[in-house]
Amino acid sequence: MSMKKRIRDPKKIIDRIDDLPTLPRTVLKITELVNDPKSSAKDLARVITDDQILTARLLKLVNSSFYGLPQRISTVTGAIVLIGFDAIRNLLLTTSVFDLFADRNRKRQQKQEKFWDHSLGCAVGAKVIGNYLRHDNIEELFVAGLLHDIGKIVEMMFQPDEFSKVVAAISKENILMITAENKILGYSHAEIGKLLAEKWNLPAKLIQIIAHHHQPDVAGSFAMEAAIVHLADIFCRALNMGFGGDNKIPPLDRYAWESLKIQTSAIESIMETMRDEYGDIRSFIS
Amino acid sequence: MICVNIVDLKPGMVLAQSVQNHQGVLLLDAGTKITKKNIRIFKSWGVIEVSVKGELDELKAAGETPVAGVKDTAEMELKARFSNVLDDPVMVEIFNAACKLLIKDLPKNEHEKENSRPKKNYR
């Protein structure tokens, strides 16, 4: 390797990627409507029915075995009333993000699927931990878990050469991906993810969680949520859900653990619920 | 026919009576072989107990043990991943919980598989 170390600015890297995916307008509109207490199921249905793919997807979900209803739901309004605003926003954001990064390259596709499994595991984990802590916005935690490693996907798709160097270092030295990234690239997926989230105009909370899921204490007013995603990341790696890019469990951040005040005796039941819900959700997303 | 609490319900059991939610909407018909997913759905609809076909001791045989060799490998793999963090007592707890849960999911012992096959031919 060459001796002169090139310091690269992740911001420049993000700017250079012209074809960086953008969130569909429908999803942004839906997020807005869900956050507005004055909007009704009819308002939401109007936006969804404008998009045939979203409509089909939503009806497929409500009629899937996940909800286990004996009769078929054939209208979008019916679906909204049944599964709720937040769940709909979640579903649409989830599947849109999956689509955006869908890769036609077969080899990469397999790798990517494992990454997504890891993200999905972390999303379910964040939701289950949030539930245990009676957090008031569980749906948001789910999305945060899902997007926490989005920077890794960007690196994989748009910086394949750098990414393969990182992968080589991980397998040679058996280290965490973030350690390898900092060593080789001088920045990590957390920073790339943050920049993408900013570009997408995601809420400040999500940006902070993505940026600081490895050091929750610096996430400012969203330190609690970052700590939840941090712990969920550890849980889903322990449970073998997907592949986060390396074969190591990141160390537990003391601050995160102490601030969450989770009973040690609750760990097992949280992880068990996580495993069950992961199995269910995976079957209808893929 | 026996009444089984939702927490004791296992995949492969056969419903003796249909299951309805609190509004009386049919969730699953009598005679259906229960899957893991069905159990989750029952839980999410707040179903407390259901009636299944069979005798009590038949159900007790449901607790199966995994093959010893497979179990050791799974534990070793998990330990390798936790190698640098096990000085933290909380991590030890997480490790133990993961170990227990992963072992539950392992392929079951051949002998017991034979025994349980008649009840579990839904695959």
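The values are calculated or read from the model by the stated rules, or taken from the named source; none is laboratory data. Computed from a predicted structure; not experimentally measured. Note: ideal-geometry Cβ built from the backbone for every residue, glycine included; neighbour counts use all protein chains shown.
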### Query
Is at least one residue of the stretch A:76-87 outside any helix (DSSP H, G or I), in contact (Cβ under 8 Å) with a residue 12 or more places away in the chain and under 25 Å from B:K43 (Cβ atoms)?
no
### Message
I'm told A:T77 meets every condition in (1) under 25 Å from B:D29 (Cβ atoms); (2) more than 14 Å from chain B (Cβ to nearest Cβ) except one. Can you identify the failing condition by its number?
### Response
(1)
### In the stretch B:13-41, the residues that are within 17 Å of the chain's Cα centre (by Cα) and within 11 Å of chain A (Cβ to nearest Cβ)
B:T35, B:K36, B:K37, B:N38, B:I39, B:R40, B:I41
### Message
For the list (1) in contact with a His (Cβ under 6 Å, 6 or more places away or on another chain); (2) surrounded by 15 or more Cβ atoms within 10 Å (Cβ to Cβ), I need the number of the one condition that A:L176 fails.
### Response
(1)
### Task
Please give the number of the condition A:I53 fails out of (1) in a loop (DSSP other than H, G, I, E, B); (2) closer than 28 Å to A:V154 by Cβ.
(1)
### Message
I'd like to know if the stretch A:90-107 contains one or more residues that are touching a residue at least 24 places away in the same chain (Cβ under 8 Å), within 14 Å of another protein chain (Cβ to nearest Cβ) and surrounded by 18 or more Cβ atoms within 10 Å (Cβ to Cβ).
### Response
no
### Query
Here are some residues: A:L195, A:L231. Which one is modelled with pLDDT of 90 or more, over 23 Å from A:E113 (Cβ atoms), within 12 Å of chain B (Cβ to nearest Cβ) and under 17 Å from the mean Cα position of the chain (by Cα)?
A:L231
### Query
Only one residue in B:S83, B:S116, B:S44 is at pLDDT below 80 and facing chain A (nearest Cβ under 10 Å), so which one is that?
B:S44
### Query
Quick one: in the stretch A:137-173, which of the residues that are modelled with pLDDT under 90 and of a type in the set (F, W, Y) is surrounded by the fewest Cβ atoms within 10 Å (Cβ to Cβ)?
A:F158
#### Entry: Residue ID - nearest to the other protein chains (Cβ to nearest Cβ), chosen from residues in the stretch A:241-286 that are among the hydrophobic types (A, V, I, L, M, F, W, C), crowded, with 21+ Cβ neighbours inside 10 Å and closer than 30 Å to A:K172 by Cβ
A:I249
### Query
Does any residue of the stretch A:61-74 turn out to be assigned by TED's automatic domain parsing to the domain that holds A:V34, without any contact (Cβ under 8 Å) to a residue 12 or more places away in the chain, touching a strand residue (DSSP E or B) at 6+ places or on another chain (Cβ under 8 Å) and surrounded by 16 or more Cβ atoms within 10 Å (Cβ to Cβ)?
yes
